[in-house]
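Worksheet for the structure shown next.
Laboratory data are not the source of any read-out in this text; all were calculated from the coordinates shown. Being a predicted model, the structure only gives us computed values, none of them experimental. FYI the Cβ positions are ideal-geometry reconstructions off the backbone, even for glycines, and counts take in every protein chain you see.
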Amino acid sequence: MPVQIVPDCAADVGSWCERIFSGTGVSWLAENAAGIVQAAGRILLIIVLALLARWIGKRAIGRATRAKEESSTPRFLRPLKARADVMVLGSQGVARRTQRAGSIGSLLISILSFTIWTVAIILILAEVGINVAPLLASAGIAGVALGFGAQNLVKDFLSGISMLLEDQYGVGDVVDLGQASGTVVAVNLRTTTVRGVDGTLWHVRNGEVLRVGNSSQGESVLNIDLPLSYRADAAKAGDIALARAATVAQDEEFADVIISPPEMQGVVSMTSGAVIIRLTTTVRAGSQWAFGRAVRGAIKEAFDSEGIQSPAADLRGFPADDAGSGI
């Protein structure tokens, strides 16, 4: 029968060594009991602190990415403010702000979680006696190799982060990305989804976007070029067009989008077949197309009723009497 070796620490009644040895009879386990218990306690503390740090950081990021106005608005007034935001920004503007805040918040939470758990794992490995220096060196080499292998993916993510932080465009914006143009449907860290005017859904990698033309931010200048026959009175045609444009601008549908009233610039160019007069106005970005369609339709009706001839009249070869009766 083998002789049981009793460790010296087992003589200390109530110690971890004495308890472990009494329960297991394993001397080496009893001798290292105190160290194991202390290491386990420190590991547990590291995990608890990591979870607590992530929880605090996640709440802080959630508050930071939330709209400042919402944070300072009393809870009972927030439903009213939400309806006001929809009236001012429109449903697309609210969706854009919400998605941008959500994307930035998710990114920051991911970075925070990765950092916290990386540090926690390194500390845990150090507690169990593993030398982390070679692991860190190996991780650095692996990171460099991964960076070279996935540099396009990294480029897409970094470009996506820059676009979100700089607010270059958002959901509902009409943009020209070079490779594709249309209305932004979704903005992710790696790709931007754009629906073209023909309904085509384009998925554009953020790293491939070299220039961005946004027609939905700030204000837009609407220029309406009106071709006239050389027989027409350009001054009278300009007065009629300006009057109709001013009437459309006063409609309830467009009253809130007009930044500066319509202005007639007069004759801006002359070609071999037409005299071009230009009507210009400044409107809220994104509303220039609807307002432009309404103005063109109103001007067309006015020109028809007043007999203002288009360049097509010259091509049809109106008789001299008809030409004289028109403007």
Would you mind calculating the gained length between Trp55 and Asp256 on full extension (0.36 nm times residue separation, minus the Cα-Cα distance), in nm to one decimal?
-> 67.9 nm
At 4 °C and 1.567 mPa s, the Stokes-Einstein diffusion coefficient in µm²/s for the stretch 169-274, with hydrodynamic radius from the Kirkwood sum on alpha carbon pairs, is 76
Hz values of 3J(HN,Hα) by residue in the stretch 296-307 - Karplus curve (6.51, -1.76, 1.60), Gly and Pro given as x = 4, x, 5, 5, 4, 5, 5, 5, 5, 6, 8, x
In which sequence would Thr192, Thr280, Thr115 go, from the one with the fewest C-beta neighbours within 10 Å to the one with the most?
-> Thr115, Thr280, Thr192
In this structure, the FRET efficiency calculated for Arg190 and Ala235 from their beta-carbon separation, with R0 = 51 Å, to the nearest 0.05, is 0.35
So who's got an amide H within less than 5 Å of the one on Ser310, skipping anything under 5 residues away but keeping other chains? H placed 1.01 Å off N, in plane.
-> Ser229
Could you calculate the contour length gain from Ser138 to Leu45, that is, 0.36 nm times the residue separation minus the distance between their Cα atoms, to one decimal place in nm?
-> 30.8 nm
Backbone HN-Hα couplings from phi across the stretch 167-184 [Karplus 6.51/-1.76/1.60, Hz, Gly and Pro as x] = 6, 5, 7, x, 4, x, 6, 9, 10, 10, 9, x, 6, 8, 9, x, 9, 6
Taking θ as phi - 60°, what are the ³J(HN,Hα) couplings along the stretch 120-134 by the Karplus curve (6.51, -1.76, 1.60), each to the nearest whole Hz, with x for Gly and Pro?
-> 5, 5, 4, 5, 5, 4, 5, 5, 8, x, 8, 6, 8, 4, x
Obtain the nm distance between the two label points defined at Val128 and Lys155 by a simple spin-label model: each point lies 7 Å from its Cα along the Cα-to-C-beta direction.
-> 4.0
Listed highest first by mean packing, meaning other Cβ atoms within 10 Å per residue, what order do 248-261, 216-229 come in?
-> 216-229, 248-261
When the charge dipole of the stretch 170-232 is computed with +1 on Lys and Arg Cβ and -1 on Asp and Glu Cβ about the Cα centre, the Cα farthest towards its positive end, among Leu201, Gly170, Ser181, belongs to Leu201
Check Thr191: other-chain or 5+ apart residues with amide H under 5 Å from its amide H, H built from backbone geometry?
-> Asn206
Taking amide H positions as placed in the peptide plane 1.01 Å from N, state which residues far from Ser216 in sequence (5 or more) or on other chains have amide H under 5 Å from it.
-> Val174
Within 10 Å of each residue's Cβ, count the other Cβ atoms and sort Arg231, Arg211 from fewest upward.
-> Arg211, Arg231
Nearest-20 debye value, the stretch 171-214 charge dipole, Cβ charges on Lys, Arg, Asp, Glu = 140
